[in-house]
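Here is the structure we will look at.
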Amino acid sequence: MFNRSIFTVLAAVLAFTLISCLTGDSDNRPSKEVTLSIIKPDAVENNNIGEIIARFEKNGLRISGMKMVKLNEKEAGDFYSVHKGRPFYDDLVKFMTSGPVVVMVLEGDDAIKKNRELMGATDPEKAAAGTIRKDFAKSISKNAVHGSDTPETAETEVLFFFKPEEIKNRF
Ligand code: CMP
């Protein structure tokens with residue numbers, strides 16, 4: 001009798017585990033996300049596009065949209081409008097319009113966090129060893145890359161640069 005109960009409980013646990021695996025229905029699984037990445041004018045000028053992209057791909061992020069654009073003052077100002085009024089805003093707009101940038105939609109598990117870890121701190125002097133900003137950026141204002149910081153920002157930023165048909169989902 002006791003043995004049969006144990007067997008029933010074990011069978012139920014096994015079935016639940018199997019169903020969870022098949023449906024991917026688990027609270028702990030990382031969320032599939034998209035994020036916007038910009039390779040800024042300094043990194044483009046220094047020919048670091050390929051090396052930066054390689055870091056994304058080697059760390060499990062996939063590119064689902066990509067283009068090179070040269071922003072005008074209005075576009076750069078609008079993109080960074082959240083910083084309007086801050087002391088660095090004018091220089092930021094000037095820098096972001098100083099040359100072409102590569103904009104990318106990156107997708108993958110926890111893409112927003114992963115991208116920001118790969119980028120490192122905003123100020124390259126404070127960025128951890130092995131991060132993109134540590135290796136390719138010269139200063140806080142010329143810091144090689146930008147990455148969205150929240151899912152909400154990521155959605156807005158992706159739509160700022162890409163029409164839905166320009167993104168090829170690779171999940
Ligand atoms: P980014 O991640 O693109 O977001 C805003 C940008 O403002 C930031 O990277 C920096 O390049 C730039 N910036 C310039 N000066 C500062 C500063 N003092 N604090 C934060 N960001 C700055």
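So here's what we get for this one:
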quantity	calculated
Test result for residue 79, surrounded by 14 or more Cβ atoms within 10 Å (Cβ to Cβ) and over 19 Å from the mean Cα position of the chain (by Cα)	no
Matching residues in region 31-90 - criterion: being among the aromatic types (Phe, Trp, Tyr) and touching a strand residue (DSSP E or B) at 6+ places or on another chain (Cβ under 7 Å)	56
Selection from region 136-151 of residues that are touching a residue at least 60 places away in the same chain (Cβ under 8 Å) and not β-branched (Val, Ile, Thr)	136, 137, 138, 142, 143, 144, 146, 147, 148, 151
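Taken together, the values in this text are just the output of simple stated rules run on the coordinates, not laboratory data. Only a predicted model underlies this, so the values are computations on that prediction, with no experimental measurement involved. Quick reminder, even Gly has a Cβ in these numbers, built from the backbone with ideal geometry, and neighbours come from all protein chains shown.
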